[in-house]
Amino acid sequence: MHSLLPPDIPQGETPALFEQIAQKLESQGYAVLPASLPETITDALMQALAIQDEYNFRAASVGRGPEQTKNPFIRRDRILWIEPHLPAVNTWLEWTEQLRCFLNQRLFMGLFSFESHFAYYQPGDFYKKHFDAFRGQSNRVLSVVTYLNRGWEPGQGGELIIYAEDNHSELIKVQPAFGTLVLFLSEHFPHEVLPACRERYSIAGWYRINSTRLDHIDPPA
Ligand code: OGA
Ligand code: MN
């Protein structure tokens, strides 16, 4: 029998999860799926994190290009970009690539590339309300966040709050619990990370469209 799925999308739990993501993005522009990242991916990411030294994480910047600055009043987390040469990140990169292909076929999103980083928040660290992209200024179109915190308890803070674009009312408050998956349209949802009373590990990633023009190579090398 012929499958309608392209050959690079695996059978099993993943297509059902991808379909759930697509439906939520289509109906509300964001998706929050608790305990959803497949175990093979969370296992690999935990391993990738375990072999990194804390000192490989660097203070995160705010803004893009020449306007990039470090601003501890806006964000306090430290980050480590996930590059293909980092050990044990392949499974994550393959999975995000499969999701990219799926969303392009299902929602015609034209997603072209993906970038992501680990983020480490020490107790008390936060990331004030922000957009991941500003309309017409960036080629980030879809944000993906997931968490690597086992045994997160509701009283420990560290929630991600997603706000409505028009009146900034709170849409959802997400516990940074292990394997929870969050996706939202980058230009449309302001969001913030509240301080926590324990260490908090997340991954934030962005699918980008290709805005290369003759005078402007993007994504930058
Ligand atoms: C970000 C971000 C959310 C989180 O890094 O841009 O919004 O919950 N992260 O870690
Ligand atoms: Mn963000």
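The values are calculated or read from the model by the stated rules, or taken from the named source; none is laboratory data. No experiment lies behind these values; they were computed from the predicted model shown. Counting neighbours? That spans all protein chains shown, and the Cβs are built from the backbone with ideal geometry, glycine included. The accessibility values were calculated without ligands, DNA or RNA, using every heavy atom of the protein model including side chains. Shrake-Rupley method; radii C 1.70, N 1.55, O 1.52, S 1.80 Å.
Expressed as a whole percent, how much of the Cα-Cα distance distribution for the stretch 6-125 exceeds 16 Å? Mind dumping the intermediate values first?
Details: 4970 of 7140 pairs.
When every Cα pair of the stretch 6-125 is considered, 70 percent fall beyond 16 Å.
For the chain, would you read off the P(r) tail past 21 Å as a percentage of all alpha carbon pairs? The partial results should precede the final answer.
Numbers: 13491 of 24310 pairs.
Counting pairs separated by more than 21 Å, the tail of P(r) holds 55 percent.
Over the chain, with the other protein chains present, what is the accessible area per residue in square angstrom, probe 1.4 angstrom? Walk me through the intermediate numbers first.
Values: 11480 Å² over 221 residues.
On a per-residue basis, 52 Å².
How would LEU183, LEU93 line up by accessible area, probe 1.4 Å, largest first?
On the way: LEU183 0, LEU93 45 Å².
Sorted by accessible area, descending: LEU93, LEU183.
Kindly count the pairs of lysines across the chain whose alpha carbons are less than 16 Å apart, treating pairs on different chains or eight or more residues apart as eligible.
4
Order ARG106, ARG140, ARG58, ARG208 by their accessible area, 1.4 angstrom probe, all chains in place, largest first.
Numbers: ARG106 70, ARG140 35, ARG58 155, ARG208 15 Å².
Ranked from most to least accessible, the order is ARG58, ARG106, ARG140, ARG208.
Count the net charge of all other residues whose Cβ sits under 10 Å from the Cβ of HIS130, scoring Lys and Arg as +1 and Asp and Glu as -1. Each step should come with its number before you reach the end.
Details: positive: ARG75, LYS128, LYS129; negative: ASP132, GLU192.
Net charge in that neighbourhood comes out at +1.
Let me know the charge dipole size of the chain about its Cα centre in debye, to the nearest 20, where only the beta-carbon of Lys, Arg (+1) and Asp, Glu (-1) is charged. Let's see the in-between values first.
Details: 19 positive and 26 negative charges, 96 e Å.
So the dipole magnitude of the chain works out to roughly 460 debye.
Of the candidates GLN52, GLN122, GLN68, which one comes out as most mobile in a Gaussian network treatment of the chain with C-alpha springs shorter than 10 Å?
Its mean-square fluctuation being the largest, the pick is GLN68.
Going by amide H atoms built from the backbone, whose H comes under 5 Å of the H on LEU142, apart from near neighbours?
Here SER186, TYR207 satisfy the definition.
What is the percent carbon and sulfur in the accessible area of the chain, measuring with a 1.4 Å probe over the protein chains and ignoring ligands? If you can, show how the numbers build up before the last one.
On the way: 6230 of 11480 Å².
Here carbon and sulfur together make up 54 percent of the probe-accessible area.
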